[in-house]
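Working notes for the structure below.
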Amino acid sequence: MRIDLHTHSSASDGTDSPAELVGHAVAAGLDVVALTDHDTVSGYAEAVAARAGTALTLVTGAELSCQVEGISMHMLAYLFDPEDPELTRERELVRTDRFRRAEAMTERCRELGAPISWEQVRRIAGSGAVGRPHVASALVEAGVVPSVDAAFSSEWLANGGRADVRKREFDPFEAVRLVRAAGGVTVFAHPGAVKRGRTVSEQVIADLAAAGMDGVEVDHLDHDAETRERLRGLAGDLGLLVTGSSDYHGHRKAVRLGAETTAPEVYDAIVARATGAKPVTA
Ligand code: AMP
Ligand code: ZN
Ligand code: FE
Ligand code: FE
């Protein structure tokens, strides 16, 4: 079984449409793929339709933008009821604020001399939840930086960088509460991704576990071997599930589908705990 529980489509900042993502997951030989766009479920319908007639199992999910003690962090949420009113309203508030913030970041880039425009960023984002990778792609198009990754420097869009603007984000404890109330399961995404900026303390992870968070994503390309060891130990101490996943973004990031995977027992535990939705399968 090859199980990849963290991917992005053009419903947020990936470059594959949801249908293309499903096709690529089949081609990559995955048995299970989770669609976890940032703060949105708008890719579900297309992904579900594309899955029909394949042997692939599709897990519906989202990656919720959170912030605690001033530190941004991401919470993966799986198999929650996509129509739960409270969670839907909070996602909507975060998504709406992404527009204000992306326009403000575009303006900052312009003030810093980058010849990009809000129209261009909106075109790149299409109907997807707009984020820094779209602004980064505009900077690449304009020849300001050589790659999306290079745009995530302190010169431009890195956390606290010159053109970074903060957005509304969930309190992660509230995210855990809302997702649980909607029948879903929560996994802290790349908790040790230090290249993205400050990471939260082990105490916060312990507090989230006590608040009902289900797991931590340990096997992720942003974690070195030492970080994985430490997080695996912490998960063991706290009784948390351990996942691994690619965090695929299409061609906006180099990582391939299935580059990291989750053990079948862990996947089974996630499905068993979820009451908000079932995986979509043949
Ligand atoms: P946003 O939600 O708009 O703040 O954008 C977050 C997204 O930007 C993440 O999901 C990654 O895809 C990307 N990202 C964040 N930090 C980096 C980094 N250091 N290098 C490359 N991409 C990054
Ligand atoms: Zn992303
Ligand atoms: Fe993330
Ligand atoms: Fe992600």
Can you go through Val121, Val94, Val145 and tell me which one is hydrophobic (A, V, I, L, M, F, W, C), closer than 20 Å to Lys253 by Cβ and open to solvent by less than 10 Å² (accessible area, probe 1.4 Å)? Val121
Quick check, is Arg91 within 16 Å of ligand 1 (Cβ to nearest atom) and either modelled with pLDDT of 95 or more or assigned to a helix (DSSP H, G or I) (or both)? yes
Does Leu234 count as modelled with pLDDT of 95 or more and not in a loop (DSSP other than H, G, I, E, B)? yes
Within region 32-70, take every residue that is assigned to a helix (DSSP H, G or I) and among the charged types (D, E, K, R) and give me the one that is nearest to Gly14 (Cα to Cα). Glu46
Out of all the residues in region 71-87, which are in a helix (DSSP H, G or I) and either touching a Gly at 6+ places or on another chain (Cβ under 8 Å) or touching a residue at least 12 places away in the same chain (Cβ under 8 Å) (or both)? Glu86, Leu87
Which one of these is free of Cβ contacts under 8 Å to residues at least 12 places away in the same chain and among the small types (Gly, Ala, Ser): Gly126, Gly53, Gly61? Gly53
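Residue-by-condition table, conditions (1) open to solvent by 50 Å² or more (accessible area, probe 1.4 Å); (2) more than 16 Å from ligand 4 (Cβ to nearest atom); (3) more than 17 Å from the chain's Cα centre (by Cα); (4) under 22 Å from His8 (Cα atoms):
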| site | (1), (2), (3), (4) |
| --- | --- |
| Glu155 | yes, yes, yes, no |
| Val176 | no, yes, no, yes |
| Ala181 | yes, yes, yes, no |
| Phe188 | no, no, no, yes |
| Glu202 | yes, yes, yes, no |
Restricting to region 134-174, give me the number of residues that are under 20 Å from Thr88 (Cα atoms) and within 14 Å of ligand 1 (Cβ to nearest atom). 4
Considering (1) of a type outside the set (A, V, I, L, M, F, W, C); (2) in a helix (DSSP H, G or I); (3) farther than 30 Å from Leu112 by Cβ, say which one Lys195 fails and leave the rest. (3)
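Residue-by-condition table, conditions (1) touching a residue at least 40 places away in the same chain (Cβ under 8 Å); (2) within 16 Å of ligand 1 (Cβ to nearest atom); (3) open to solvent by less than 30 Å² (accessible area, probe 1.4 Å); (4) under 18 Å from Phe152 (Cβ atoms):
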site: Asp214; (1), (2), (3), (4): yes, no, yes, no
site: His223; (1), (2), (3), (4): no, yes, yes, yes
site: Arg228; (1), (2), (3), (4): no, no, no, no
site: Gly233; (1), (2), (3), (4): no, no, no, no
site: Leu241; (1), (2), (3), (4): yes, no, yes, no
site: His249; (1), (2), (3), (4): yes, yes, yes, yes
site: Lys253; (1), (2), (3), (4): yes, yes, no, yes
site: Gly258; (1), (2), (3), (4): yes, no, yes, no
site: Tyr267; (1), (2), (3), (4): yes, no, yes, no
Any residue that is farther than 26 Å from Val271 by Cβ and in contact (Cβ under 8 Å) with a residue 24 or more places away in the chain - is there at least one of those in region 172-189? no
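The values are calculated or read from the model by the stated rules, or taken from the named source; none is laboratory data. The structure presented is a predicted model; accordingly, all values stated were derived computationally and were not measured. Ideal geometry is used to build each Cβ from the backbone, glycine not excepted, and the neighbour counts take in all protein chains shown. To get the accessible areas, we keep the full protein, side chains included, count just its heavy atoms, and leave off ligands, DNA and RNA. Shrake-Rupley method; radii C 1.70, N 1.55, O 1.52, S 1.80 Å.
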